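These notes are about the structure you will find just below.
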Amino acid sequence: MSSDHENSADTEYQHAEDGGPQPEKHCGHGRGGMGEEVRRKEDQRFITGRGNYVDDVKKPGMLHCELVRSPHAHARIEEIDGSRAMDMDGVVAVLTAEDLLEYDLATMPTLMDDTQDVLVNDKVKFQSQEVAAVIAEDRYVAKDGAEKVDVTYDVLDPVVDADDALEDDAPLIREDIEDKEDNHIFDWETGDEEATAQAFEEADVTVEEEMFYQRLHPAPIETCGAVGDYDPGKDKLTVHMTSQAPHIHRTLFAQVSGIPEHKIRIVSPDVGGGFGNKVPIYPGYVVAAAASYVLEQPVKWVEERSENIQTTGFARDYDMTGEIAATEDGEILAVRTDVLANHGAYNAAAQPSKFPAGFFNIFTGSYDIDAAYASLSAAYTNTAPGGIAYRCSFRVTEAVYLIERMVKVLADELEVDPTEIRRKNFIQPEQFPYESPTGWNYDSGDYESALDLALEMAEYEEYREEQQRRIENDADKLLGIGISSFTEVVGAGPGKTCDIAGVEMFDSAEIRIHPTGKATVRVGVQTQGQGHETTFAQIVAEELGMDVDDIVVEHGDTDTDPYGLGTYGSRSTPVAGAATAVASRKVRDKAKTIAANELEADEGDIEWDRESGEFHVAGAPDRSITITEIAAGAYMNNPAGEEPGLEAVNYYDPPEMTYPFGSYVVVVEVDRETGEVEFEKFVAVDDCGNRINPMVIEGQIHGGLAQGIGTAMMEHVTYDDNGNVTGGDFMNYLLPTAMEIPEFETGHTVTPSPHHPIGAKGVGESPTVGSPPAIVNAVVDAMAHAGVSHVEMPMTPDVVWEALDEAGLAQQPAANLEFELESGEAADD
Ligand code: MCN
Ligand code: CUN
């Protein structure tokens with residue numbers, strides 16, 4: 001159970017009405033428009049087991065593919081012998097890089113400037129890398145066949161840590177890159193190094209902390225998979241695949257295969273969670289497509305759970321040093337950071353190509369700081385490729401962790417309440433649009449209102465008093481209170497900040513109103529559980545005065561949908577949501593002409609009434625007509641000179657990103673005997689501008705907070721020195737369950753985006769981005785009085801106990817027991 005608090009001082013859309021482009025007021029008309037808690041339309045099929053996921057796709061004559069994977073992290077392949085597999089009943093083919101070379105399919109581009117082997121050509125670069133593929137009539141036979149492929153390896157020394165990889169004597173991982181002599185990928189810097197150094201020299205106080213944002217795995221419920229289906233009759237390749245960005249994947253497939261793009265169709269049916277995992281392209285997709293092309297039969301590949309964890313795009317793995325320079329009364333003068341990034345064996349990170357470190361350079365966060373500087377190096381290692389995507393807004397997660405942790409470190413150094421430091425340094429509402437020292441243009445914000453609401457909901461002052469009491473009483477359980485007042489950046493994005501492979505980022509929507517007044521909407525983004533079939537219909541319902549049930553939203557089929565760049569970086573609402581609103585308004589403009597014709601009035605006299613969802617004649621409100629009534633006229637009675645039909649398409653090129661924000665307050669109890677951390681209170685106040693569906697937003701917040709808790713407390717993809725994944729299944733990679741998740745209290749403020757047609761910002765990633773520092777701050781806060789300034793994630797009980805022990809706060813269980821026996825209490829209990 002959770003409750004949703006509103007900031008009483010804040011009414012919806014209030015900020016917009018003070019000036020700037022006016023987001024339009026929703027009317028609560030009950031048709032399912034903006035702001036209504038419409039139940040998710042897609043859930044009917046999901047909860048009745050009628051979803052259609054890639055593994056549900058079955059084609060006549062379909063074959064199955066299993067991949068042979070390397071047990072070694074670094075090894076040269078000497079020989080691959082598939083004859084024992086080929087001898088098996090039901091095995092149709094064994095494919096190796098050599099076979100793919102014939103079709104020019106042995107390598108594929110990653111979303112960054114790198115080239116990855118589809119099947120290993122020469123040298124294995126990470127454990128479980130794809131070495132060969134077995135195609136068989138049945139999945140079990142394929143699996144058995146894969147075990148019978150004999151591969152001879154010459155095992156090489158692996159290197160798994162980024163700093164080891166950059167040592168002079170480290171084994172060279174990427175011999176396939178011409179002239180490559182080391183494992184260094186790139187250096188990158190942002191901000192003003194000199195001005196920052198000067199601020200540090202002049203500051204009263206400086207603080208520094210090292211922190212490692214560990215390697216994480218997105219863990220969608222549905223693993224990755226594809227069904228390749230080449231039709232020689234039409235010379236057309238259809239690939240059903242788990243994709244967050246079907247159009248980008250179609251373009252990549254065209255580039256990889258040489259098949260012209262209009263002869264490729266990517267279908268992403270229902271997607272069972274993505275969280276960034278389904279942004280990159282994986283070898284299995286290419287193998288399934290290539291095998292179906294060669295064999296002229298459909299081929300399905302669906303990976304197992306451990307394959308998903310061990311080989312598909314991981315996230316984070318950022319080793320950061322943070323520094324803050326401040327005055328003695330807590331004004332932040334400068335922030336500086338140095339990062340070592342582990343990108344794995346291939347630089348497969350999905351990110352706008354202008355920033356090799358993603359959006360990490362938003363690390364000044366919610367604060368008005370004059371000087372900032374970041375430097376970063378990235379390294380290849382013998383670990384799975386990736387390095388960015390997991391509910392992260394492209395490294396904003398790491399940036400937010402850095403600044404929100406450092407603010408706490410500074411507060412403790414100055415011995416002031418961390419809320420005081422935040423209030424003193426927040427960018428103020430009147431400073432928007434605000435340009436940050438690293439060149440970001442924040443659209444709108446009111447950080448103090450969100451913090452005030454969160455503190456009030458969390459009963460902050462009471463907990464501070466309780467915390468003090470416990471310290472004075474030497475209590476067994478310490479109390480800690482952590483805060484994070486984060487700023488997100490979502491909605492990729494305008495050309496100056498974002499592009500993919502040189503393509504400026506946009507998104508699209510197409511609306512067709514049928515003669516009977518029902519509508520089909522197609523969008524270029526791809527829902528993976530976010531509820532687009534409902535929320536995008538709500539935008540249209542609002543803009544056209546239609547009933548949400550009369551609108552169906554489709555996506556995930558490149559043959560029918562307008563080209564779009566897909567769903568990641570919480571960009572669907574900021575970009576495709578904007579396209580949907582603009583396309584709706586185009587439809588409304590045309591409908592107005594038809595309304596004038598139908599109402600026999602001058603077009604200049606026709607007015608749109610948002611409340612009733614009707615056009616009426618000025619001064620004669622009873623002469624009115626709805627879009628539904630106009631639809632027939634658009635086809636059967638279109639005014640002379642007007643093109644028949646009622647439809648529109650919009651490709652929306654956003655002028656700016658949107659900057660959602662929030663304040664989270666977490667109260668924890670830390671057990672001095674066991675190191676266990678219990679959540680006492682978890683308050684999340686989010687501001688994503690105008691809200692389309694508050695219930696969907698709350699669902700997003702709950703899910704994202706659970707993932708933030710997993711991040712802070714449990715999750716870590718680990719490797720041993722030989723490059724073996726030691727956290728490669730759900731027995732060893734711990735995800736939080738309902739047992740570990742506390743009750744959340746959510747609240748919101750509303751600060752519309754001034755440049756978005758409906759004033760909305762994204763929200764999907766905010767809770768995962770914003771919550772880890774609040775949780776770590778809380779645990780550190782419980783021990784700060786004894787001098788603890790940092791605890792590394794994941795904060796498992798042993799890690800916390802060690803921090804307690806070092807600070808002299810730990811209680812020895814044995815000592816306790818002795819005490820109890822002596823006093824005779826234990827026997828009585
Ligand atoms: N929404 C709203 N009003 C707003 C903002 C958003 O009602 N002002 C609604 C949207 O209409 C949408 C949902 O909230 O239904 C999320 O919207 P948005 O913030 O635009 O994010 P996206 O739809 O682009 O989703 C992407 C984001 C990312 S990048 C990851 S990772 C993630 C996340 O969403 N993966 C998810 N949430 C997920 N939720 C589920 N169930 N499954 C995933 O894989
Ligand atoms: Cu950063 S994970 Mo989401 O953008 O698909």
Residue hits (segment 504-530; open to solvent by 10 Å² or more (accessible area, probe 1.4 Å), away from ligand 1 (no atom under 12 Å from the Cβ), in contact (Cβ under 8 Å) with a residue 60 or more places away in the chain and of a type in the set (Val, Ile, Thr)) are Thr516
Reported set for segment 106-151 where residues are part of a strand (DSSP E or B), among the aliphatic types (A, V, I, L, M) and open to solvent by 10 Å² or more (accessible area, probe 1.4 Å) is Val151
Per the filter on segment 285-297, residues touching an Asp or Glu at 6+ places or on another chain (Cβ under 9 Å) and either surrounded by fewer than 24 Cβ atoms within 10 Å (Cβ to Cβ) or closer than 18 Å to His217 by Cα (or both) are Val294, Glu296, Gln297
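On the basis of being in a strand (DSSP E or B) and open to solvent by 20 Å² or more (accessible area, probe 1.4 Å), does His64 make the cut?
Details: in a strand (DSSP E or B): yes; open to solvent by 20 Å² or more (accessible area, probe 1.4 Å): yes.
In short, yes.
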When restricted to Val525, Val521, the only residue closer than 30 Å to Glu656 by Cα, in a loop (DSSP other than H, G, I, E, B), at pLDDT 95 or above and not acidic (Asp, Glu) is Val525
Restricted to segment 802-829 and to residues being closer than 18 Å to Arg470 by Cβ and modelled with pLDDT of 55 or more, the residue most open to solvent (accessible area, probe 1.4 Å) is Gly808
All-but-one check, Glu656 against (1) acidic (Asp, Glu); (2) surrounded by 17 or more Cβ atoms within 10 Å (Cβ to Cβ); (3) farther than 28 Å from Pro494 by Cα, failing number (3)
Checked segment 700-733 for anything within 16 Å of ligand 1 (Cβ to nearest atom) and in contact with a helix residue (DSSP H, G or I) (Cβ under 6 Å, 6 or more places away or on another chain); matches are Ile701, Gly704, Leu705, Gln707, Gly708, Thr711
### Message
Being out of contact with any Leu (no Cβ under 8 Å at 6 or more places or on another chain) and crowded, with 22+ Cβ neighbours inside 10 Å is the requirement here; does Pro232 meet it?
### Response
no
Worksheet entry | Test: Val57 is at pLDDT 95 or above, more than 22 Å from Gly274 (Cα to Cα) and open to solvent by less than 60 Å² (accessible area, probe 1.4 Å) | no
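Listed here are the residues, each with its yes/no results for (1) touching a Leu at 6+ places or on another chain (Cβ under 8 Å); (2) more than 16 Å from ligand 2 (Cβ to nearest atom).
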{"residue": "Arg469", "(1), (2)": "no, yes"}
{"residue": "Asp474", "(1), (2)": "no, yes"}
{"residue": "Gly491", "(1), (2)": "no, no"}
{"residue": "Ala519", "(1), (2)": "yes, yes"}
{"residue": "Gly529", "(1), (2)": "no, no"}
{"residue": "Thr534", "(1), (2)": "no, yes"}
{"residue": "Ile539", "(1), (2)": "no, yes"}
{"residue": "Gly545", "(1), (2)": "no, yes"}
{"residue": "Gly556", "(1), (2)": "no, no"}
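Considering Thr383, Thr327, Thr311, which residue is of a type in the set (Val, Ile, Thr) and under 17 Å from Gln214 (Cβ atoms)?
Thr383
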From the option list Phe432, Phe394, single residue qualifying as open to solvent by 10 Å² or more (accessible area, probe 1.4 Å), within 16 Å of ligand 2 (Cβ to nearest atom), of a type outside the set (Lys, Arg) and farther than 22 Å from Asp329 by Cα is Phe394
Per the filter on segment 369-412, residues part of a helix (DSSP H, G or I) and away from ligand 1 (no atom under 16 Å from the Cβ) are Tyr401, Leu402, Ile403, Glu404, Arg405, Met406, Val407, Lys408, Val409, Leu410, Ala411, Asp412
Result of the Cβ filter at 9 Å on segment 230-246, keeping first residues that are free of Cβ contacts under 8 Å to residues at least 40 places away in the same chain and partners that are open to solvent by 60 Å² or more (accessible area, probe 1.4 Å) and part of a loop (DSSP other than H, G, I, E, B), at least 6 apart or interchain, is Asp231/Glu296; Thr238/Asp559
Of Glu611, Glu647, Glu603, the only residue that is in contact with a strand residue (DSSP E or B) (Cβ under 6 Å, 6 or more places away or on another chain) and open to solvent by 30 Å² or more (accessible area, probe 1.4 Å) is Glu647
When every residue in segment 266-307 that is outside any loop (DSSP other than H, G, I, E, B) and in contact with a Pro (Cβ under 8 Å, 6 or more places away or on another chain) is compared, the one farthest from ligand 2 (Cβ to nearest atom) is Ser292
Being open to solvent by 10 Å² or more (accessible area, probe 1.4 Å), within 16 Å of ligand 2 (Cβ to nearest atom) and either within 29 Å of Ala576 (Cα to Cα) or in a helix (DSSP H, G or I) (or both) is the requirement here; does Gly770 meet it?
no
Within segment 396-427, of all residues that are touching a residue at least 40 places away in the same chain (Cβ under 8 Å) and basic (Lys, Arg), the one farthest from Ala357 (Cα to Cα) is Lys424
Picking from Gly233, Gly228, the residue that is more than 27 Å from Asp161 (Cα to Cα) and in a loop (DSSP other than H, G, I, E, B) would be Gly233
Restrict the check to segment 214-226 and report whether at least one residue is farther than 30 Å from Pro794 by Cβ and modelled with pLDDT of 95 or more.
yes
Residue match in segment 317-325 (condition: touching a Ser or Thr at 6+ places or on another chain (Cβ under 9 Å), away from ligand 1 (no atom under 16 Å from the Cβ), closer than 30 Å to Ala399 by Cβ and modelled with pLDDT under 95)
no
**Request:** Tell me, please, whether a residue that is within 13 Å of ligand 2 (Cβ to nearest atom) and crowded, with 24+ Cβ neighbours inside 10 Å can be found in segment 362-384.
**Result:** no
Expected output for segment 449-475 (first residue within 13 Å of Gly662 (Cβ to Cβ), partner among the acidic types (Asp, Glu), Cβ below 7 Å, 6+ apart or cross-chain) is Ser449/Asp10; Ala450/Asp687; Met457/Glu745
task = Determine if segment 352-360 includes at least one residue that is within 30 Å of Leu455 (Cβ to Cβ) and either in contact (Cβ under 8 Å) with a residue 24 or more places away in the chain or buried (at least 24 other Cβ atoms within 10 Å of the Cβ) (or both).
result = yes
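The values are calculated or read from the model by the stated rules, or taken from the named source; none is laboratory data. These numbers were taken from a predicted model, which means no experiment stands behind them. Heads up, the Cβs are rebuilt from the backbone with ideal geometry, glycines too, and the neighbour counts pull from every protein chain shown. Ligands, DNA and RNA are stripped out before the accessible areas are found, and what is left, the full protein with its side chains, is counted by its heavy atoms. Shrake-Rupley method; radii C 1.70, N 1.55, O 1.52, S 1.80 Å.
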